[in-house]
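The values are calculated or read from the model by the stated rules, or taken from the named source; none is laboratory data. This one's a predicted model, so the numbers in the text were calculated from it and none came from an experiment. Because the Cβ atoms are built from the backbone with ideal geometry, glycine has one as well, and the counts that use them run over all protein chains shown.
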Amino acid sequence: MKLLKVTYIAIVFNVALFIGSVNAQTTPTILINGIAAMANNISISPFWLNAGQTLAIGNKVNAISVLQYNIAPAIGGGNSLQFESAFLVTSLQTVPNGKVWKIEAVALDPTASTIMQGIQGITGATGVTGSNGITGDTGAASIVAGPTGAIGSTGATGSTGITGATGTIGCTGTNYLLKSDGTNAVCSRIIDNATSIGINNVSPDASAILDVSGTTGGVLINRMTETQRNDISSPALGLLIFNTTTNCLNMWTGASWKQSCFDCDFNAPISGNNGPICQGSTLNLTATTILDATYQWSGPNGFTSTQQNPSISNATASASGSYSVTATKNGCTSTPQSTVATVNATPATPTAGNDGPVCVGSILNLTASSISGVTFSWTGPNAYSASVQNPIITSAALTHTGTYNVTATVNGCVSAAGTTSVTVNSINAMGGTITYTDASGINPRSSPSYTGGYTIHTFTTSGTFTPTCSGNVEVLLVAGGGGAGADVGGGGGGGGLIYNSSIAVNAQAYSVTVGAGGAGGVATAGSNGENSVFQTLTAFGGGGGGNYNGGAGLSGGSGGGGAGGSASSGTGGTATNGQGNAGGNGLVGSYGGGSGGGAGGTGLTATDGNGRTGGIGLQYSISGVATYYAGGGGAGGSASAGTGGNGGGGTGTIRGGVIGVSGSPNTGGGGGGPGGSQGGGSGGSGIVIIKYHN
């Protein structure tokens, strides 16, 4: 016979109870609603308690050969519980609505040879004397069994039970389960209300399947390394683990593992922008990178963005203002960081204009409408540039023809360009002999097509100059040279010379007068040369040389030389201001006259019988070739002859019957004086040259 240690356990039922049996050797008595429901025959089918029925106080169940009693929900859900083979109902229990209780006993394993000590009761009691046990098999281990019992023999009297030790104090309160941890009894509180399970929580929240409450511990989810996590072959959506490699929670989203580290120890992002910018440009906002952070921007005009570095294309001035950015990481949001952006307005487009069409050589005026506070910038053909509002091109050329652009700039912002088209026409005049040069003005060309070259009109006789449009021209006027006086007379003065680098002309015909050279004297003083005229410009003819015995030289463009003589000498003639120089004086008592003045130097005074050199003329390249003009005539002498001045002056002669040499034609050179009683040389004719850009 096997001996069982019986322990009494207080049970508070909030789930269905069922106690069944497997043999008829026990005699429990169960009172249901005060009526014995089970007595003397435990082998009956399990007994059912319906909702509203009660289990009476004082019910005491013990059973020989019963291992445990199962208490489980039959209807209404809940958890199964197991108790020792003896228990005592300590309070009236009513089956809750919606539930059914069932009482059912489970038999001991008849082959068990030993029965393990069960957990201690609330208060240990003296064990009962074991009854004669049946010849049993080795007993199975039992949660509630007493110390190992002796193997009983058939019909033998069982040994006296062992007195249990003093038990630990049981759980206080309701809804507790007392269980063994292997050494001691441990209180456990698990509430099952059919929809939610509560641990240490008598009222689990309906929205949670599991509701845990506690003050000394937490919920511990599965822990593994990142390598172990990655070895999960098919993680379920929402699978949650604690990554011991990164010490972060990881959740599977269906595509990747997302990590939450709950770390708010990061610096706020540093914000910035690429301003100031101009209207129409792209405003770029920037924030420093924070790993795994999200960003939130806000700014003027309701601007928002979740990009780290957002952009505003074609920004207007209204986009100026303060922009704020925050970074959020692991549920933590940084303090806002601001950056002030400036979008400057683009100035209005200036209206461009010009005073063309103009002719080559004319002044070209470019104009732009006024805009307050801006600077202007002009560009045009042939790399033209200017930085004033209304630039001036003082001598327009054909190369200035084309489109000119002007922009206005303020705060670094450049307006759209205003444009104007300029036309520069060639003067294309008629009159005189026409020649061409390149841009240097000295290399001849066969046509005016050479870019930047010149057209030259040369008048050796009087004529008409007719330009096809208005413009400015370059002009050289040289009057006729004066004739030399007779009989040791003075040399003729060079013709008056005028050079004007820019004189305006219009599309009309202009008369051109070319002065003739003055005649040499025959027993008289020489004649003055004739004037050369263009527009308002008049170059006066050179003065004639004086005649023998005190004849004074005549005044003119350049003065004629005075005559020599045995009784008296003549003074040199004066020059026209700005056109030439005075002639030289003659010599008394000797055969020598003074030389004529030239455009570049005065005539020389005679000092002996040697003739004096005429005054030097001036050199110009207006014709395309560097040339001297308006030289004074040289004086004659008894011993030697004076040479003509550079610029076409005639050479004097030696006493002995030869007349003086005439000045060169179309140079305005004065005539040369004779050394004896012969006549003087004639002055050279004048010239008019007009030049302009092609």
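For residues in the stretch 436-456 being in contact with a Ser or Thr (Cβ under 7 Å, 6 or more places away or on another chain) and farther than 19 Å from I393 by Cα, which is modelled with the highest pLDDT? Of everything passing the filter in the stretch 436-456, I456 is modelled with the highest pLDDT. Checking the structure you have, find out if any residue of the stretch 603-623 is touching a Lys or Arg at 6+ places or on another chain (Cβ under 8 Å), within 13 Å of G493 (Cβ to Cβ), crowded, with 22+ Cβ neighbours inside 10 Å and among the hydrophobic types (A, V, I, L, M, F, W, C). Checked the stretch 603-623: at least one residue is touching a Lys or Arg at 6+ places or on another chain (Cβ under 8 Å), within 13 Å of G493 (Cβ to Cβ), crowded, with 22+ Cβ neighbours inside 10 Å and among the hydrophobic types (A, V, I, L, M, F, W, C).
For the stretch 367-409, the set of residues classified as touching a strand residue (DSSP E or B) at 6+ places or on another chain (Cβ under 6 Å), aromatic (F, W, Y) and within 26 Å of S470 (Cα to Cα) consists of W378, Y404, listed by residue number.
Criterion applied to T461, T468, T435 was being assigned to a loop (DSSP other than H, G, I, E, B), more than 30 Å from G526 (Cα to Cα), over 52 Å from the mean Cα position of the chain (by Cα) and assigned by TED's automatic domain parsing to the domain that holds A626, and the one residue passing it is T468. I'd like to check something: does the stretch 311-321 contain any residue that is out of contact with any Pro (no Cβ under 7 Å at 6 or more places or on another chain), among the β-branched types (V, I, T) and either part of a helix (DSSP H, G or I) or assigned by TED's automatic domain parsing to the domain that holds S234 (or both)? Scanning the stretch 311-321, I find no residue that is out of contact with any Pro (no Cβ under 7 Å at 6 or more places or on another chain), among the β-branched types (V, I, T) and either part of a helix (DSSP H, G or I) or assigned by TED's automatic domain parsing to the domain that holds S234 (or both), so the answer is no. When the stretch 652-694 is filtered for residues that are closer than 13 Å to Y591 by Cα, of a type outside the set (D, E, K, R) and touching a residue at least 60 places away in the same chain (Cβ under 8 Å), the ones remaining, listed by number, are G652, G673, P674, G675, G676, S677, Q678. Going by the structure shown, is A519 assigned to a loop (DSSP other than H, G, I, E, B), modelled with pLDDT under 95 and assigned by TED's automatic domain parsing to the domain that holds V478? Taking the combined requirement at face value, the residue does not satisfy it. Residue-level check: of (1) in the same structural domain as L477 (by TED's automatic domain parsing); (2) under 30 Å from the mean Cα position of the chain (by Cα), A386 misses just (1). Remark: L283 falls outside the filter, which requires a residue to be without any contact (Cβ under 8 Å) to a residue 40 or more places away in the chain and more than 13 Å from K329 (Cβ to Cβ).
Here's the yes/no breakdown for (1) in a loop (DSSP other than H, G, I, E, B); (2) out of contact with any Leu (no Cβ under 6 Å at 6 or more places or on another chain); (3) outside the structural domain of S677 (by TED's automatic domain parsing):
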residue	(1), (2), (3)
N528	yes, no, no
T538	no, yes, no
G541	yes, yes, no
G551	yes, yes, no
G561	yes, yes, no
N581	yes, yes, no
G586	yes, yes, no
G594	yes, yes, no
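Any idea which residue in the stretch 281-293 is farthest from C248 (Cα to Cα), counting only those that are among the β-branched types (V, I, T) and surrounded by fewer than 13 Cβ atoms within 10 Å (Cβ to Cβ)? Looking at the filtered set, the residue picked out is T282.
The residue that is modelled with the highest pLDDT, counting only those in the stretch 403-427 that are touching a Cys at 6+ places or on another chain (Cβ under 9 Å) and buried (at least 18 other Cβ atoms within 10 Å of the Cβ), is C413.
Residues are listed down the side, and each one gets a yes or a no for (1) surrounded by 13 or more Cβ atoms within 10 Å (Cβ to Cβ); (2) touching a Lys or Arg at 6+ places or on another chain (Cβ under 7 Å):
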residue: D231; (1), (2): no, no
residue: T244; (1), (2): yes, yes
residue: N247; (1), (2): no, no
residue: S260; (1), (2): yes, no
residue: A268; (1), (2): yes, no
residue: Q279; (1), (2): yes, no
residue: P300; (1), (2): yes, no
residue: S313; (1), (2): no, no
residue: T326; (1), (2): yes, no
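For the stretch 628-640, the candidate set comprises residues that are modelled with pLDDT of 90 or more and out of contact with any Phe, Trp or Tyr (no Cβ under 7 Å at 6 or more places or on another chain); within that set, the residue that is surrounded by the most Cβ atoms within 10 Å (Cβ to Cβ) is G633.
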